[in-house]
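Only the coordinates and a few stated rules stand behind these numbers; no lab work does. The structure presented is a predicted model; accordingly, all values stated were derived computationally and were not measured. All Cβ positions, even for glycine, are placed from backbone atoms using ideal geometry, and neighbour counts span all protein chains on display.
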Amino acid sequence: MTRILISETPNFVGKIIEIAGWVSVRRDHGKLIFIDLRDRSGMVQAVVIPDKEEVYKIAKDIRSEYAVKVAGLVKERPGKSANEKLATGKVEIEVEEMEIIARPEEELPVDVSDPEFNLNLETLLDYRIVTLRNEKVQAIFKIYAQVLEAYSEVMRERGFLEIKTPKILSSATEGGANFFKIKYFNQEAFLAQSPQFYKQAGVSVFERVFEVGSVFRAEPHFTSRHVNEYIGLDAEMAFISGFAEVMDELEKTMQYILESVAKNCRSELEKYGAEIPTFVPIPRIKLTEAVEILSNEYGKKIENLDIDSEGEKLISQWAKKEHNSDFVFLTHYPYNLRPFYSMPSADPEYTETFDLIYRGVEIASGGQRINNYQELLKNIKKRKMKPEQFKDYLDIFKYGIPPHGGWGLGSERIVQKILGLGSIKEAILFPRDVKRLTP
Ligand code: AMO
């Protein structure tokens, strides 16, 4: 017999089928043994009756998280006993044959069948191999996968070519101090803080490129939104007339991602009571205006336009109240707060850049880039950086590159905010933070 998926069982009422999966719970009721069996597609109830002596003996031996193969008859569950919460809740499998195919060496450290699963973050991550088996935890990664799929889909649809760029670099892309230095044979190298330089090289050839790739940041922070390795959703586009076009493209991208999660992940969203409201145009406000709003509406003072996480939360509240939007673009960041490659505005104190805030957290940064060789060189020197360290990057501009811009979008923060997760780490299979290098 060929194995079918548990989600398919309702199509086989009255038939003998074979399924395989993990035992979520075994319940003994009088002489009957009930087993909730889980595979990648869902969960179904299997019933073992004492008449089938051999199977009954095996079933008595079974514990949670054993992997088993089951052959049995698909039966409709009588009205009252149907489980409305389960997609397969109207059927059950009367077991004819059963085989244990893998058994845990020892008792599991946590009860993964608990639908609420309110573990503290450390326990959740320390026992990650096991805690990932919980259905509520799995839902996060189904949504995560949908976000990745939707991002690639919309990028391709919009004419962006997918590229993969190196993560071992000879210089620190984003500057600052948050880079990891590594030993690379007999020289020093850096882990990529972003694909910035290479995606710009990409547009000099392909016009529009995107990348889904690992990003490394040596940030010594213990916050709910920072990790030291994350997956960046980057894009870069040429022949733009200004950075508003980049925001337009990112806005369409976010709408596409959220709509595809809403459409394809209904049951996963439900597990978190999460809602994705109808998308509305994203308000765009200058950072200077945002700072005024924060002061006037919330009595919050921001020094030197350096908006902090509380400021981002409040400006998001304001966008929700005034524009019914979960998103807000903050634009025209000051020159000294942005990387050297940012295009200065007409008033050179500011830049043609933006951040995108979603439900109180920055999920993307972007803007237009300086695309003139001499200007870039001047800017590197002005910032007391060494042009020789950026030789390869500068070469991109030596040979001519049209006006362009792009963004870097944090994939895990999107999922964190869709579901209202307390920490970004919940949205990462095996997260890396200052103290965590395992599992
Ligand atoms: P930036 O440094 O703002 O911009 O990063 C872009 C986005 O990446 C996410 N992010 C993080 N996520 C988790 N943990 C971290 N430590 C972390 N740091 C950043 C955020 C952030 O908005 N090259 C530019 C982008 C560009 O202009 O194209 C850059 O890297 O969601």
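Structure above, values below:
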| read-out | value |
| --- | --- |
| Dipole of the chain, positive direction: furthest Cα of ILE6, ILE285, VAL246, with charges on the beta-carbon | VAL246 |
| The stretch 256-267 - phi-based ³J(HN,Hα) in whole Hz, Karplus 6.51/-1.76/1.60, Gly and Pro as x | 4, 4, 5, 5, 6, 5, 4, 6, 9, 10, 4, 5 |
| Segment ASP392-LYS167, length gained on full extension (0.36 nm per residue, minus Cα span) | 79.5 nm |
| THR123-GLU349 FRET efficiency (beta carbon distance; Förster radius 56 Å; 0.05 resolution) | 0.70 |
| Förster radius 25 Å - calculated FRET efficiency between GLU153 and GLU18, Cβ distance, rounded to 0.05 | 0.15 |
| Virtual spin-label span in nm between LEU437 and GLU97, 7 Å along Cα→Cβ | 4.9 nm |
| Positive-end residue, the stretch 6-102 charge dipole about Cα centroid, Cβ charges, pick of ILE35, ALA46, ALA82 | ALA82 |
| Rounded FRET efficiency, nearest 0.05, which uses the C-beta distance separating GLU105 from LYS181 and R0 of 51 Å | 0.80 |
| Nearest-20 debye value, the stretch 6-102 charge dipole, Cβ charges on Lys, Arg, Asp, Glu | 340 debye |
| Reachable lysines from LYS313, criterion Cα separation under 29 angstrom, eight or more residues apart if same chain | LYS136, LYS142, LYS252, LYS263, LYS271, LYS286, LYS300, LYS301, LYS321, LYS417, LYS425, LYS435 |
| Two-site label geometry, LEU337 and GLU8: point separation in nm, points 7 Å out along Cα→Cβ | 5.5 nm |
| Lysines with Cα under 24 Å of LYS381, excluding same-chain neighbours fewer than 8 positions away | LYS181, LYS199, LYS391, LYS398 |
| Residue-span extension gain [PHE206 to LYS301] - 0.36 nm each, minus C-alpha spacing | 29.8 nm |
| The stretch 198-319: Rg to Rh, with Rh as the Kirkwood radius over Cα pairs | 1.00 |
| For the chain, convex hull of alpha carbons as volume per residue, Å³ | 184 Å³ |
| The stretch 361-439-the stretch 305-355 distance, computed between alpha-carbon centres (Å) | 16 Å |
| Where a label projected 7 Å from the Cα of ASN372 along Cα→Cβ would reach, residues of the stretch 332-355 with amide N under 14 Å | 343-348 |
| Set of lysines with alpha-carbon distance to LYS80 below 16 Å, sequence-local pairs under 8 removed | LYS90 |
| Test item: Cα-centred dipole of the chain, Lys/Arg +1 and Asp/Glu -1 on Cβ, debye | 580 debye |
| Burial ordering of VAL415, VAL13, VAL48, fewest other beta-carbon atoms within 10 Å first | VAL13, VAL415, VAL48 |
